[in-house]
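Worksheet: the structure to be examined is printed underneath.
The values are calculated or read from the model by the stated rules, or taken from the named source; none is laboratory data. Fair warning: this is a prediction, and the values are worked out from it, not measured in the lab. Every residue, glycine among them, receives a Cβ derived from its backbone with ideal geometry; neighbour counts consider all protein chains shown.
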């Protein structure tokens, strides 16, 4: 946890942004796997943790936006809890640790909410939270857009202490990738490599920030199947990030050839992706729109594929028409912090877009999660990729789509190629970008 002052300052700024009403921030509950006593590894709600610090279920933070007063509610552990789980701190001690008042039990919170006027809360992403809100507030209410915008404003810009935690998470993530590349050899299964990666995340005191992608079928963007046996020369794509004990996470992707050097064809595609990543990172500056950097990366990829004879015509025109998305059907990156897709639970368009930049409707580009202008203190991913997706290629070819930009005959030789993605996490600074880790 950070020093007490960090949490009191965050709550003060949040209260000032809203000025009136009661802000309600519940912690996550335990989530049963198959029965109540057998739960998934606990994951705290990121906004609760940002403002209240504690990685413990069953707590609720309230902030009076008018007075700035913060209260922490929760039920103290029972004797049975202590027998099974060991001694636990009292809620009043947890409140003191983060500079809040002790509010009382959850039943007492219910009574306070019944008397409250305007209650601001964030969008629930678990059904249990929706049910809890209905019980507390007595009806279905809409999440507060004012609170969403205020939270996004605060959480999007990372402090020095947050960046230090992210560096720790990314360093562990990079160690995971280095170990995986050193250990991987033909005859291993993807599952064996995935187990190594996850084990290193746990041994560093945290866990994975999201389910690891470890696949020789890298053209399947979010492939969580780990059942294939690796062959000499396969391209293995690993997208995996460690979550530090503080909750901040890394998100790193590397692609390498199993058992040795890449072929000339693999290296040529890899170099295009690497160039797109390097150029995009170099372009990161406060005030620059990330949508423009995404388009820049797409033009780099289109130009590189033209050199390989897979695309043709003007790269600028191809990207404007969306033809590049056959090979690059996702966005360049997203914000990252306490969440791998930071604050996506609050609404992607409210986090990554604004009145100036709206989400594109083009296939591929519409998957860009961050389009707005960058600010000093943003931390984000840069993750271009090139993928050869047989199903998509066949469909576009049958439809005659973008024939002026795509050499479909040449693509036949790449049907079994797979995909290459490279990803780093970057801090946007006043004087330029810093690659984390």
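Quick look at the numbers
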{"quantity": "Selection count, the range 277-292, where residues are touching a residue at least 40 places away in the same chain (Cβ under 8 Å) and under 20 Å from residue 425 (Cβ atoms)", "calculated": "11"}
{"quantity": "Evaluation of residue 99 against (1) over 22 Å from the mean Cα position of the chain (by Cα); (2) surrounded by fewer than 17 Cβ atoms within 10 Å (Cβ to Cβ); (3) touching a residue at least 12 places away in the same chain (Cβ under 8 Å) (one fails), failing number", "calculated": "(2)"}
{"quantity": "Condition met for residue 224 (touching a strand residue (DSSP E or B) at 6+ places or on another chain (Cβ under 9 Å), farther than 30 Å from residue 430 by Cα and at pLDDT below 95)", "calculated": "yes"}
{"quantity": "Sole residue being assigned by TED's automatic domain parsing to the domain that holds residue 164, touching a helix residue (DSSP H, G or I) at 6+ places or on another chain (Cβ under 6 Å), within 25 Å of residue 218 (Cα to Cα) and not in a loop (DSSP other than H, G, I, E, B), chosen from 324, 330", "calculated": "324"}
{"quantity": "Inter-residue pairs, beta-carbon under 7 Å, first farther than 20 Å from residue 270 by Cα and in the range 218-241, second assigned to a loop (DSSP other than H, G, I, E, B), 6+ apart", "calculated": "224/211; 228/216; 229/187; 241/209; 241/210; 241/250; 241/251; 241/340"}
{"quantity": "Residue check, residue 301 touching a residue at least 60 places away in the same chain (Cβ under 8 Å) and over 17 Å from the mean Cα position of the chain (by Cα)", "calculated": "yes"}
{"quantity": "Residue 214 being more than 15 Å from residue 232 (Cα to Cα), surrounded by 23 or more Cβ atoms within 10 Å (Cβ to Cβ) and touching a helix residue (DSSP H, G or I) at 6+ places or on another chain (Cβ under 6 Å)", "calculated": "yes"}
{"quantity": "Conditions (1) surrounded by 14 or more Cβ atoms within 10 Å (Cβ to Cβ); (2) over 30 Å from residue 14 (Cα atoms); (3) touching a residue at least 60 places away in the same chain (Cβ under 8 Å); number of the one not met by residue 166", "calculated": "(2)"}
{"quantity": "Qualifying residue in the range 177-189 (condition: buried (at least 20 other Cβ atoms within 10 Å of the Cβ), in the same structural domain as residue 222 (by TED's automatic domain parsing) and outside any helix (DSSP H, G or I))", "calculated": "yes"}
{"quantity": "Per-region count, the range 95-119, residues in a loop (DSSP other than H, G, I, E, B) and either outside the structural domain of residue 74 (by TED's automatic domain parsing) or at positive phi (or both)", "calculated": "1"}
{"quantity": "Matching entry among 214, 258, 273 (being free of Cβ contacts under 8 Å to residues at least 60 places away in the same chain, in contact with a strand residue (DSSP E or B) (Cβ under 8 Å, 6 or more places away or on another chain) and in the same structural domain as residue 336 (by TED's automatic domain parsing))", "calculated": "214"}
{"quantity": "Scan of the range 375-402 for residues that are buried (at least 18 other Cβ atoms within 10 Å of the Cβ) and in a helix (DSSP H, G or I), ordered by number", "calculated": "393, 396"}
{"quantity": "Conditions (1) touching a helix residue (DSSP H, G or I) at 6+ places or on another chain (Cβ under 9 Å); (2) crowded, with 16+ Cβ neighbours inside 10 Å; (3) modelled with pLDDT of 95 or more: number failed by residue 136", "calculated": "(3)"}
{"quantity": "Subset of the range 338-367 [under 15 Å from the mean Cα position of the chain (by Cα) and at positive phi]", "calculated": "343, 347"}
{"quantity": "Members of the range 403-437 found to be surrounded by fewer than 19 Cβ atoms within 10 Å (Cβ to Cβ) and part of a strand (DSSP E or B), listed by number", "calculated": "429, 432, 434, 435"}
